[in-house]
Structures are given as C-alpha cells and as structure tokens.
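Asks: If you scroll down you'll find the structure; I have some questions about it.
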Amino acid sequence: MSGGSQRLEIQRDVEAGAWPEAPALAALSDRVLDHAARHLAEKEGQPFPDTPVELSLVFTDDANIRIVNRDWRGQDKPTNVLSFPAFPVMPGGRPGPMLGDIVLAEETLRREALDLAIAFDDHLAHLLVHGFLHLFGYDHMTDEEAAVMEGLETRILAELGLADPYRE
C-alpha cells in the first residue's frame, strides 16, 4: 500500500503482528510523517527535493524484527523500531529521492505503551517520528546528539498534540 503527501511517497507493508487495519495505519502514518516533514522543512530549514522523497514502512512483529536486529545490528533481541537510511544524510542535509526504511514491531510497541500508560497510537506516532529522524541523519549515541534529536521529537509531537515522550 502506498500513500503520502507533497513531500513524501510512503510504501507500507504489514508483514506480521496484530496491527490496526491498513486504512488506519495509513491515515496515522501519513498525518505524522507529513507533519514531521513539514516541521523539518519549515522550522528546521531542512532542504527537500522538488519531487517527493520515498520511504518504506514495515509493520512487523517481535520475531521478525529480532532477526533484522540480529542480522544488521548484532543484537539478538526484539526492539521497537529500526531505521535504515538509503543514503547517508547529515542532520540538515538534503535527502535523496529515497529516504530508506523504518521497521516497527507491534508487540514491543504495545508492551511499551502499556508500561508508559499511553495510547498505542500515540506511542506509534512517537516511534514513527523517531525512525523518520534517523533517516535524516539524527541520532542519539552521544548526549549532545540525543539532546538535539529528542528536542526535535518533542517539538514535532507537541505540534501533533502529543505529550513529551521524554518527560520524567
């Protein structure tokens, strides 16, 4: 399934897991990622190509993301979200025609949302933004990188009416 906005062309694949129905996933991911793209372009000065950039969303389960995490990151465990940029982009750099892939694990997201006492859709929105920022070169390996990336996530989510995911 594909969809998107003026800035994004989104390909979606529900591979495994008890995800919401495809139209609901499309509506949520379109709204969240389009807003994140607009925020980056308008408020962060992120240059965008004249034509939409492509990205892929893979909605899967813990078993499948565990394999991907093991094979690509050397960590033999499930995780909530993985991002795979198609091309290296530095924060603030111009993306190419293909951003990359974001892979999300349904069971992990549900457990985390329950532990955080937040709605599943709100947590999914946060991790979509988080994965999206990784495709633009943002990271959280150092305290300085984390401060920048988490600040961006918090601002984007606040504009969507969602709480700060990093609050105490």
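The values are calculated or read from the model by the stated rules, or taken from the named source; none is laboratory data. Being a predicted model, the structure only gives us computed values, none of them experimental. As a convention, Cβ positions derive from the backbone with ideal geometry for all residues, glycine included, and neighbour counts pool all protein chains shown.
Asks: Residues of the stretch 116-155 being in a loop (DSSP other than H, G, I, E, B) and in contact with a helix residue (DSSP H, G or I) (Cβ under 8 Å, 6 or more places away or on another chain), which ones? Working first, answer last.
Replies: Going residue by residue through the stretch 116-155, those that are in a loop (DSSP other than H, G, I, E, B) are 117-119, 136-142.
119, 136, 138, 139, 140, listed by residue number.
One line per residue, one yes/no per condition, for (1) touching a helix residue (DSSP H, G or I) at 6+ places or on another chain (Cβ under 8 Å); (2) of a type outside the set (S, T, N, Q); (3) surrounded by 16 or more Cβ atoms within 10 Å (Cβ to Cβ); (4) closer than 18 Å to residue 154 by Cβ:
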position: 21; (1), (2), (3), (4): no, yes, no, no
position: 54; (1), (2), (3), (4): no, yes, yes, no
position: 67; (1), (2), (3), (4): no, yes, no, no
position: 102; (1), (2), (3), (4): yes, yes, yes, no
position: 114; (1), (2), (3), (4): no, yes, no, no
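Asks: Would you check if residue 112 is of a type outside the set (A, V, I, L, M), at pLDDT 95 or above, outside any strand (DSSP E or B) and within 23 Å of residue 165 (Cα to Cα)? Before you say what the answer is, go through the steps one by one.
Replies: On the way: of a type outside the set (A, V, I, L, M): yes; at pLDDT 95 or above: yes; outside any strand (DSSP E or B): yes; within 23 Å of residue 165 (Cα to Cα): yes.
Yes.
Asks: So which of 150, 159 is in contact (Cβ under 8 Å) with a residue 40 or more places away in the chain, over 17 Å from residue 48 (Cβ atoms) and of a type outside the set (Val, Ile, Thr)? Give the derivation first.
Replies: Details: 150 fails: in contact (Cβ under 8 Å) with a residue 40 or more places away in the chain.
It is 159.
Residue by residue, here is whether (1) within 23 Å of residue 27 (Cβ to Cβ); (2) of a type outside the set (A, V, I, L, M); (3) surrounded by 18 or more Cβ atoms within 10 Å (Cβ to Cβ) holds:
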{"site": "121", "(1), (2), (3)": "yes, yes, no"}
{"site": "141", "(1), (2), (3)": "no, no, no"}
{"site": "156", "(1), (2), (3)": "yes, no, yes"}
{"site": "162", "(1), (2), (3)": "yes, no, yes"}
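Asks: Counting just the residues of the stretch 109-168 that are among the β-branched types (Val, Ile, Thr) and within 15 Å of the chain's Cα centre (by Cα), which one comes out nearest to residue 85 (Cα to Cα)?
Replies: Step one: list which residues in the stretch 109-168 are among the β-branched types (Val, Ile, Thr), which gives 118, 129, 142, 148, 154, 156.
In the following step, the residues that additionally are within 15 Å of the chain's Cα centre (by Cα) were identified as 129, 154, 156.
Numbers: 129: 14, 154: 22, 156: 20 Å.
The residue in question is 129.
Asks: Given the residues 84, 48, which is the only one that is surrounded by fewer than 18 Cβ atoms within 10 Å (Cβ to Cβ), of a type in the set (Phe, Trp, Tyr) and closer than 25 Å to residue 159 by Cβ? Spell out the reasoning first.
Replies: Values: 84 fails: closer than 25 Å to residue 159 by Cβ.
Just a single option satisfies the conditions, and that option is 48.
Asks: Going by the conditions given, is residue 158 among the hydrophobic types (A, V, I, L, M, F, W, C), out of contact with any Gly (no Cβ under 9 Å at 6 or more places or on another chain) and either at pLDDT 95 or above or assigned to a loop (DSSP other than H, G, I, E, B) (or both)?
Replies: Details: among the hydrophobic types (A, V, I, L, M, F, W, C): yes; out of contact with any Gly (no Cβ under 9 Å at 6 or more places or on another chain): yes; either at pLDDT 95 or above or assigned to a loop (DSSP other than H, G, I, E, B) (or both): yes.
Yes; evaluated as a whole, the condition is true for this residue.
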